Amino acid sequence: LIGNSMDEKIPRVPMTMKNIQQIVETIAQTQIIRVVAIDYLTIIEGAGGYGANDRSSMAYQAAEWFIRTWKVPHSAPRILVAQAGPHVADKKYAIPGLQDCENIKMLGAWANIFISLYRPYSQYPNSPITNLMGLPEFTATDDKAIMYFAKVKKAKAQLAFPLTWNYNDNTVALDMKLFQESPLRNTVGELQWVRGSLLESQKQLSVQQMLTLAV
């Protein structure tokens, strides 16, 4: 809705904190805001035009404003999408942790919920994956993804859920075979949305629905 969209009908608006806040508050006058998501944090406030140190400083300010300061209309949850730092690729399994966001390491500390998405296929295409977050061995095919909860305030964290990801329509579903063989099945009750939305309904969720439920 805001920013540099691929849809040419959407006017391009400078990504400043002030503009984002004003536009969202204008939308909130006629519609209920259910969730606010921001991607490409580093372009907010013109951060992309600065050197590395300035870019990190601007990203820090934008993140602090978005997560800790701005009172989003209708008390909507906010999602901040961040890339992992390049050092994460050096891990055996490149799952970002609380300190692994690019440009700013405080995101994990500030967030109520911290979710990492990982595709084993990107590191080990069609290879066996073993000892990954307590999951049974599986083959890293193109449709396999891992949703890792590194932090969940007031609930159990450090849980990894195996997903089947359909890239044609961008939907996900819980990989029931892997899940049923995993010790996670005995702890999933701590995350109500997983039990209610992914286990009981057994339907495909869009990525937007998945992240909104998780928040």
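No value in this document is a laboratory result; all are computed from the given coordinates. Remember, it's a predicted structure, so these values are computed and weren't measured experimentally. Heads up, the Cβs are rebuilt from the backbone with ideal geometry, glycines too, and the neighbour counts pull from every protein chain shown.
Work out the FRET efficiency for residue 139 and residue 99 from their Cβ-Cβ distance, taking R0 = 35 Å, and round it to the nearest 0.05.
On the way: r = 30 Å, r/R0 = 0.86.
After rounding, the FRET efficiency stands at 0.70.
For the stretch 65-78, take each phi angle, set θ = phi - 60°, evaluate the Karplus expression 6.51 cos²θ - 1.76 cosθ + 1.60, and give the result in whole Hz per residue in order, putting x for glycine and proline.
4, 5, 8, 10, 10, 5, 8, 5, x, 6, 6, 5, x, 10
Summing +1 for each Lys or Arg and -1 for each Asp or Glu, what net charge is found among the other residues whose Cβ lies under 14 Å from the Cβ of residue 121? Please report the intermediate quantities before stating the final value.
Numbers: positive: 119, 144; negative: 142, 143, 175.
So the surrounding residues net to -1.
Taking H as built 1.01 Å from N, whose amide H comes closer than 5 Å to the amide H of residue 139, not counting residues under 5 places away?
Here 129 satisfy the definition.
In whole Hz, with x marking every Gly and Pro, tabulate ³J(HN,Hα) for the stretch 82-95 from phi via Karplus 6.51 cos²θ - 1.76 cosθ + 1.60, θ = phi - 60°.
9, 7, 7, x, x, 5, 5, 5, 7, 6, 4, 10, 7, 9
Apply the Karplus parameterisation 6.51 cos²θ - 1.76 cosθ + 1.60, with θ equal to phi minus 60°, to every residue of the stretch 136-151 and state each ³J(HN,Hα) to the nearest whole Hz, in sequence, with x for glycine and proline.
x, 4, 8, 8, 7, 8, 4, 8, 8, 9, 10, 10, 10, 8, 6, 8
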